[in-house]
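The values are calculated or read from the model by the stated rules, or taken from the named source; none is laboratory data. Keep in mind that what you see is a predicted model, and the values were worked out from it rather than measured. Heads up, the Cβs are rebuilt from the backbone with ideal geometry, glycines too, and the neighbour counts pull from every protein chain shown. The accessibility values were calculated without ligands, DNA or RNA, using every heavy atom of the protein model including side chains. Shrake-Rupley method; radii C 1.70, N 1.55, O 1.52, S 1.80 Å.
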2 protein chains.
Amino acid sequence: MASDVFVLLKTYNNSTKVDLTHDLSAQRAAVDRVLSAFRSICGPDGVSLGEAVREQHGKDESVHKCRPPDVVVFPRCVEEVSALAKVCHDHNLPIIPFGTGTGLEGGVGAVKGGVCFSLRNMDQVLDLHPEDFDVTVEPGVTRKALNAYLRDTGLWFPVDPGADASLCGMAATSASGTNAVRYGTMRENTLNLEVVLSDGRIIHTAGKGRRPRKTSAGYNLTNLFVGSEGTLGIITKTTLRLYGIPEAMVSAVCSFPSIQAAVDSTVQILQAGVPIARIGEEEREKNRYRYLTAYSTDVCVPLSRLPQIIVETKEDLLESRLTGPIAGHVGDGNFHCLMVVDPNDPDEQHRVHLFAERLARRALAMGGTCTGEHGVGLGKRVLLQEEVGPLAIQVMQGLKETLDPKNLMNPGKILLQGDP
Amino acid sequence: MASDVFVLLKTYNNSTKVDLTHDLSAQRAAVDRVLSAFRSICGPDGVSLGEAVREQHGKDESVHKCRPPDVVVFPRCVEEVSALAKVCHDHNLPIIPFGTGTGLEGGVGAVKGGVCFSLRNMDQVLDLHPEDFDVTVEPGVTRKALNAYLRDTGLWFPVDPGADASLCGMAATSASGTNAVRYGTMRENTLNLEVVLSDGRIIHTAGKGRRPRKTSAGYNLTNLFVGSEGTLGIITKTTLRLYGIPEAMVSAVCSFPSIQAAVDSTVQILQAGVPIARIGEEEREKNRYRYLTAYSTDVCVPLSRLPQIIVETKEDLLESRLTGPIAGHVGDGNFHCLMVVDPNDPDEQHRVHLFAERLARRALAMGGTCTGEHGVGLGKRVLLQEEVGPLAIQVMQGLKETLDPKNLMNPGKILLQGDP
């Protein structure tokens, strides 16, 4: 079953329609004017206008259509990122950070055109401190690359969203995954960030080179940038907590007579204080295909509401004539409907859209969130407004204006402000 | 030894000098004008001008001298807090939130006079959801009161800074304590906050009534307010994670030939993945007196730097002719020197001040922080600048201006901006 789904979904992804029609001739002219500056910063090979490269950088693994940038740059160090950002800032060009393109909410689409900063060439693991359980990585380092690097140290980085995402990208989207019950999400595991702001200035959220395991020194800038989805700055270094690899890891498969019984057991296990990494999955190291689906819902509700929302969601799937197996991390109330959609069936796509909105509002009505770990991106901006309310949105917009007054950083994501 | 120190320190605290000299006659006149409005909002008994009450609300448990507010108000609900804040905002009166006064960095001192909001009358435990491991509390609920309330549920709230602080105050100062190695700090355990902004508007950082165990919905406003020390708003409700009380809890006392050996053992234990609550203390449920000391340092460094900084600190104590037993949470690199100071010896006080600054800068030079869990308050504002650098300070000031453009919320704390 898993491999069938996988193939179907990759087919769908490959056939995603590309939108190259946005008319931004003035911006294109500005891009033309800065190309020589870009090339002098990161070399002739570090700037690409090719259509294939631009298309590749205009979409992630979601159903959101490709929105290619006007140009893709490939900086090799933070100084180049900073210099490129200064040029963009001077010419009012949007900046879109790009890690591995494995996001699920359309976060890399260049909805206003502009300059994609592909960070894959910055791929060094820096400052590994095994005795302090921390490491600093550049944005081209993926989760699997880091764990391969750590293989002989007895340490690992456990946050696992499924895809082999870049760790700085995972910080940008506040990723988590099924190990979050024991190890937390990127929010709990990011000690410090180096970020290039929209005007090219370089900030270290906890101070340059700092890596205490806890701090109460001033406002928590680290967790302001974690989850900001590239809208506040470009993350160029992330300092992460590491963990000892557990000496014993036990998997158990349990069958339950009902969803209620499964959730009750989970609650009892958590209450007993048993150290749990992930609960309720079919098997360890499987099910990865779900993160590659064309569309995956992502609601998260208080634990006790899981049975009700899952029952209602199954009924809704049937009534909507949709296929959507449910995979949950019962331990934290987050679950995904893996929507399998025929790309040639606009009616089905519409039904999926309506179904996903109903599901999100069902979660909101239960005190939950429309996104447990995938982020807001393009598709959940209206739902975010419903979730947090107008004042919280206004505060978020104020924070955005403070850090990015020209609205150049990944415009059109998270907030509707400035949306074309 | 513990009780001797305790007595000595309480004596010192009681003799803290009171500064009633600040000349703010215009502000006093403004206070006089709004008293009737205050009384109509929270009743005649909810407003106090008495000198003893004002003095009691002008200091915490630190060495910082008493800075009494012009008036103390005792709101009974969030609507009253909001109405009082609106009056203050209209009349440009500083607002200082007050929980239990157990802070250690002078956070409640009314350095610019103004209105102290004592929140002790808002003491309800709201919305306990044992099946979801969460609870919402008002700001008058202390840590011990909550755990007494939870006694029959099998659940507890493990964050334990020593003092019986209010939980909303603990959120405001990003408190933690010795259980942080296993359970995290207030940063990891706060799911949602209700906050009254300086203009009286009421914000719910994760959306009203929401309590998912994780979310990636927009900017992390919850963790912007956690640790903001009353400078961004008044926390009027906190939704907290709860935990099952561990079935087995084991304490061990180990003697080590050297500090290096103790730290090495700690690293090995953490690497083995043994669930650890706290490490390196003399005994469980003792040592509480250290949080009641007149002055406690609070640096936190990467684990491997602990032996060096402790050796250097012991030498410095000897050379400075100071008494300061060291109590550490070796598991997270945070330790305290419990400075025992003769209040009648200004030379000794000066030596303590210089010693504490040297210690903080030693921690900064090792990649650490000047404050692991006590916060910045009044005394570490210059150190914070050194720790995070000018751009991070500028961003913090921008955030402050966004949320509190009139600089009315607990002015003069964390940031030097607007300091008289």
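Please determine, by comparing only the residues of region A:194-209 that are touching a residue at least 24 places away in the same chain (Cβ under 8 Å) and charged (D, E, K, R), which one is least open to solvent (accessible area, probe 1.4 Å).
The residue in question is A:GLU194.
Conditions (1) more than 7 Å from chain B (Cβ to nearest Cβ); (2) in contact with a strand residue (DSSP E or B) (Cβ under 8 Å, 6 or more places away or on another chain); (3) over 24 Å from B:LEU306 (Cα atoms); (4) of a type outside the set (D, E, K, R), marked per residue:
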| position | (1), (2), (3), (4) |
| --- | --- |
| A:SER198 | yes, yes, yes, yes |
| A:HIS204 | no, yes, no, yes |
| A:ARG211 | no, yes, no, no |
| A:GLU229 | yes, no, yes, no |
| A:SER255 | yes, no, yes, yes |
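Quick one: is B:THR313 closer than 26 Å to B:ALA165 by Cα and of a type in the set (Ser, Thr, Tyr)?
Considered against the rule, which asks whether it is closer than 26 Å to B:ALA165 by Cα and of a type in the set (Ser, Thr, Tyr), B:THR313 comes out as no.
For A:THR323, only one of the following conditions fails: (1) open to solvent by 20 Å² or more (accessible area, probe 1.4 Å); (2) of a type in the set (Val, Ile, Thr); (3) part of a helix (DSSP H, G or I). What is its number?
(3)
Just the residues that are under 20 Å from A:LEU408 (Cβ atoms) and either more than 19 Å from the chain's Cα centre (by Cα) or in a loop (DSSP other than H, G, I, E, B) (or both), please, taken from region A:106-131. Steps first, answer last, please.
Within region A:106-131, the subset under 20 Å from A:LEU408 (Cβ atoms) is A:106-119.
Correct list: A:GLY106, A:GLY107, A:VAL108, A:GLY109, A:ALA110, A:LYS112, A:GLY113, A:GLY114, A:VAL115, A:LEU119.
If we keep just the residues of region A:23-47 that are in contact with a strand residue (DSSP E or B) (Cβ under 6 Å, 6 or more places away or on another chain) and surrounded by fewer than 18 Cβ atoms within 10 Å (Cβ to Cβ), which is modelled with the lowest pLDDT?
Per the criteria, the residue is A:LEU24.
Being open to solvent by 10 Å² or more (accessible area, probe 1.4 Å), closer than 26 Å to B:ARG361 by Cβ and more than 7 Å from chain B (Cβ to nearest Cβ) is the requirement here; does A:ILE235 meet it?
Answer is no for this residue.
Would you pick out the residues in region B:76-85 that are crowded, with 19+ Cβ neighbours inside 10 Å and farther than 23 Å from B:PRO405 by Cβ?
Answer for region B:76-85, where residues must be crowded, with 19+ Cβ neighbours inside 10 Å and farther than 23 Å from B:PRO405 by Cβ: just B:GLU80.
Mind counting the residues in region A:338-373 that are within 26 Å of B:HIS129 (Cβ to Cβ), touching a strand residue (DSSP E or B) at 6+ places or on another chain (Cβ under 7 Å) and assigned to a loop (DSSP other than H, G, I, E, B)?
The total comes to 3.
Tell me the residue from B:ARG187, B:ARG182 that is within 14 Å of the chain's Cα centre (by Cα) and open to solvent by 10 Å² or more (accessible area, probe 1.4 Å), please.
Numbers: B:ARG182 fails: within 14 Å of the chain's Cα centre (by Cα).
Answer to the check: B:ARG187.
Test of understanding: among A:ARG67, A:ARG54, A:ARG33, which residue is of a type in the set (D, E, K, R), away from chain B (no Cβ under 14 Å) and more than 21 Å from the chain's Cα centre (by Cα)?
A:ARG33 is the lone residue from the list that is of a type in the set (D, E, K, R), away from chain B (no Cβ under 14 Å) and more than 21 Å from the chain's Cα centre (by Cα).
Let me spell it out: the conditions are (1) more than 30 Å from A:GLY331 (Cα to Cα); (2) touching a strand residue (DSSP E or B) at 6+ places or on another chain (Cβ under 9 Å), and B:ALA145 meets all of them except one. Which number is the exception?
(1)
Exactly one of (1) in a helix (DSSP H, G or I); (2) among the aliphatic types (A, V, I, L, M); (3) free of Cβ contacts under 8 Å to residues at least 60 places away in the same chain is unmet by A:VAL181. Its number?
(3)
Just a yes or no: is a residue in region A:99-109 open to solvent by 40 Å² or more (accessible area, probe 1.4 Å), within 11 Å of chain B (Cβ to nearest Cβ) and of a type outside the set (S, T, N, Q)?
no
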